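The block underneath contains the structure these notes are about, expressed in structure tokens.
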Amino acid sequence: MFNNLNVALYVSGSIACYKSLTLARDLIKKGANVRVIMTRGAQMFVTPLAFQTLTKNLVFTDINDEPNEKEITHIDIAKWSDISVVAPATANLISKMANGIADDAVTTTLLATDGKKFVVPAMNDHMWHNPATQRNLQTLNNDGINIFSPTKGYLAEGYSGKGRMIEPEVIVDKLYDQLKDSDSLFNKNILITAGGTREPIDPVRYISNNSSGKMGYAIVDAAIDAGANVTLVTAPSKLIPNQKANVIKVKTSAEMEAVVKNNLNNADVLIMAAAVSDYKPSQYNKQKIKKSSDKLVLDLVKTHDILKEVAKVKNNQFVVGFAAETQNLVQNAKVKLKNKNLDLLVANDVSHAETGFSSDNNKVSFIDSNGVIDETDVDSKKNIANQLINIVSNRINK
Ligand code: CTP
């Protein structure tokens, strides 16, 4: 259900804390990875050890306690999390969130988090109905934070009123529904290749190309933004990949082929944005080639066409290829689409300096078996990546 979703679970001081143990366990059972952050008040009700035992992760409780010198814990959790769930959320914590206060482990981490947040309040009914609380909830709502309102029921005070935190299984169902609706690639596994492969000639030389990896890395970002689990198979690139991607580094086309094939079964979509060398030296010289003669002829042999090879073994994967062309863009692309048995082809013209390989911009045509579906203007690789991910999610969710 949650297929490796990284959930930061924030727990603040309410008797409903005990329900959050069940919530943590249920999320993990349904496939999520959970890290817990607790306020001091929460630790009066439930111990961090209880959450640590359930989640198999250290619980973050103290902003001054940094167990790993290589990381700043609140930033690390903020970046790691795909979603944040604040349950139970007390009136005090809701007020702090609405005002951007960052004075403990919970509030600093929440303030550092850009991703989706879900707040699950628990409090006395008078506190819930207080105009200050309602104002703060409205502020959170305006900030795009989802509120899972409490129900009317038996309160710790011994009477019935609105303020009771909804049950863990209801929280899990609501999270699933919301993510399914808002994230077009929620629960999808996307395999993306990027960068230019290197084919070694001898220990110090290789054949490669001008690919920077920018297009592939932008697609990784767009897919992660759409809620996908992304595995990036990257040939050498100077870029820093999205922290949420599972990154596998390769150098040669043969290594890339092996990794793609190994990961294909687990993928819903393969996007081959890598510039794979078409030829490689027929033999590798174990020793550095000396410049002893005036002329050196390199004998090259064709590499495997990864896309073509994958088409032979694929099941239901939606496969996207790229076509880098310098002439007859659409015509050549259509031939490639058919020859390589692709579902979609992104054809880009690499003959212009302002688009293509190392540029931040690109201009592409999206082509399927019916012809050109869409053509972009010269646009940022980021925008083009988002367009591609939109097309892919429309196709696979049909
Ligand atoms: N590709 C691949 N394996 C190769 C070469 C290319 O999987 N050995 C993939 C690329 O990742 C890209 C697509 O095939 O998605 C098209 O690559 P491109 O270089 O444009 O076309 P080629 O098929 O190599 O044909 P040509 O160079 O003749 O245009």
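The values are calculated or read from the model by the stated rules, or taken from the named source; none is laboratory data. Here the structure is a predicted model, which means the values were calculated and not measured. Methodologically, a virtual Cβ is constructed for each residue, glycine included, from the backbone with ideal geometry; neighbour enumeration extends over all protein chains shown. Note: accessible area is taken over every heavy atom of the protein model, side chains too, but ligands, DNA and RNA are not part of it. Shrake-Rupley method; radii C 1.70, N 1.55, O 1.52, S 1.80 Å.
Under the condition of being over 16 Å from Val170 (Cβ atoms) and assigned to a loop (DSSP other than H, G, I, E, B), the residues counted in segment 1-31 number 8. Selection of segment 265-300 for residues being crowded, with 17+ Cβ neighbours inside 10 Å and not acidic (Asp, Glu) yields Ala267, Val269, Leu270, Ile271, Met272, Ala273, Ala274, Ala275, Val276, Ser277, Lys280, Pro281. Just one residue in the set Asn361, Asn370 is under 13 Å from Ala218 (Cβ atoms) and either modelled with pLDDT under 95 or in contact with a helix residue (DSSP H, G or I) (Cβ under 8 Å, 6 or more places away or on another chain) (or both); that residue is Asn361.
Within segment 301-318, is there a residue that is in the same structural domain as Thr193 (by TED's automatic domain parsing), free of Cβ contacts under 8 Å to residues at least 24 places away in the same chain and surrounded by 11 or more Cβ atoms within 10 Å (Cβ to Cβ)? So far as segment 301-318 goes, no, none of its residues is in the same structural domain as Thr193 (by TED's automatic domain parsing), free of Cβ contacts under 8 Å to residues at least 24 places away in the same chain and surrounded by 11 or more Cβ atoms within 10 Å (Cβ to Cβ). Tell me whether segment 375-396 contains one or more residues that are within 13 Å of the ligand (Cβ to nearest atom) and open to solvent by 10 Å² or more (accessible area, probe 1.4 Å). Checked segment 375-396: no residue is within 13 Å of the ligand (Cβ to nearest atom) and open to solvent by 10 Å² or more (accessible area, probe 1.4 Å).
Yes/no matrix, rows are residues, columns are (1) acidic (Asp, Glu); (2) closer than 23 Å to Gly227 by Cα; (3) crowded, with 20+ Cβ neighbours inside 10 Å; (4) not assigned by TED's automatic domain parsing to the domain that holds Asn146:
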residue: Glu71; (1), (2), (3), (4): yes, no, no, no
residue: Pro88; (1), (2), (3), (4): no, no, yes, no
residue: Asp104; (1), (2), (3), (4): yes, no, yes, no
residue: Lys117; (1), (2), (3), (4): no, yes, yes, no
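Scanning segment 132-169 for residues that are modelled with pLDDT of 95 or more and among the aliphatic types (A, V, I, L, M) gives Ala132, Leu137, Leu140, Ile145, Ile147, Met165, Ile166.
Filter segment 175-186 for residues that are under 19 Å from Ile391 (Cβ atoms) and of a type outside the set (Asp, Glu); which is farthest from the ligand (Cβ to nearest atom)?
Applying the first criterion (under 19 Å from Ile391 (Cβ atoms)) to segment 175-186 yields 182-186.
Then keep just the ones that are of a type outside the set (Asp, Glu); that gives 182, 184-186.
Details: Ser182: 30, Ser184: 22, Leu185: 20, Phe186: 26 Å.
So, considering only residues that are under 19 Å from Ile391 (Cβ atoms) and of a type outside the set (Asp, Glu), the one farthest from the ligand (Cβ to nearest atom) is Ser182.
Looking at segment 288-312, which of its residues are of a type in the set (D, E, K, R) and away from the ligand (no atom under 13 Å from the Cβ)?
Initially, segment 288-312 is screened for residues of a type in the set (D, E, K, R), giving 288, 290-291, 294-295, 299, 302, 305, 308-309, 312.
Of everything in segment 288-312, those that are of a type in the set (D, E, K, R) and away from the ligand (no atom under 13 Å from the Cβ) turn out to be Lys288, Lys290, Lys291, Asp294, Lys295, Asp299.
Within segment 264-299, being more than 24 Å from Phe366 (Cβ to Cβ), touching a residue at least 24 places away in the same chain (Cβ under 8 Å) and not hydroxyl-bearing (Ser, Thr, Tyr) holds for Asn265, Asn266, Lys280, Pro281, Asn285, Lys286, Gln287, Lys288, Ile289, Leu298. The set of residues from segment 235-279 being within 12 Å of the ligand (Cβ to nearest atom) and part of a strand (DSSP E or B) comprises Leu270, Ile271, Met272, Ala275, Tyr279.
Tell me which residues, restricted to segment 133-154, are part of a helix (DSSP H, G or I) and touching a residue at least 40 places away in the same chain (Cβ under 8 Å).
Initially, segment 133-154 is screened for residues part of a helix (DSSP H, G or I), giving 133-142.
If the condition is that a residue be part of a helix (DSSP H, G or I) and touching a residue at least 40 places away in the same chain (Cβ under 8 Å), then Thr133, Asn136, Leu137, Thr139, Leu140 are the ones that fit.
For segment 155-181, the tally of residues that are outside any loop (DSSP other than H, G, I, E, B) and farther than 16 Å from Pro88 by Cα stands at 9.
So the check is Cβ under 8 Å with 6+ separation or different chains; which pairs have a first residue in segment 387-398 that's in contact (Cβ under 8 Å) with a residue 12 or more places away in the chain and a second one that's part of a helix (DSSP H, G or I) and open to solvent by 10 Å² or more (accessible area, probe 1.4 Å)? Partner pairs satisfying both residue conditions: Ile389/Asp225. The single condition among (1) over 24 Å from the mean Cα position of the chain (by Cα); (2) in a strand (DSSP E or B); (3) within 15 Å of the ligand (Cβ to nearest atom); (4) of a type outside the set (Val, Ile, Thr) that Phe366 does not satisfy is (1). Selection within segment 318-343: residues that are closer than 23 Å to Ser212 by Cα and more than 8 Å from the ligand (Cβ to nearest atom). The member of this set that is modelled with the lowest pLDDT is Thr326.
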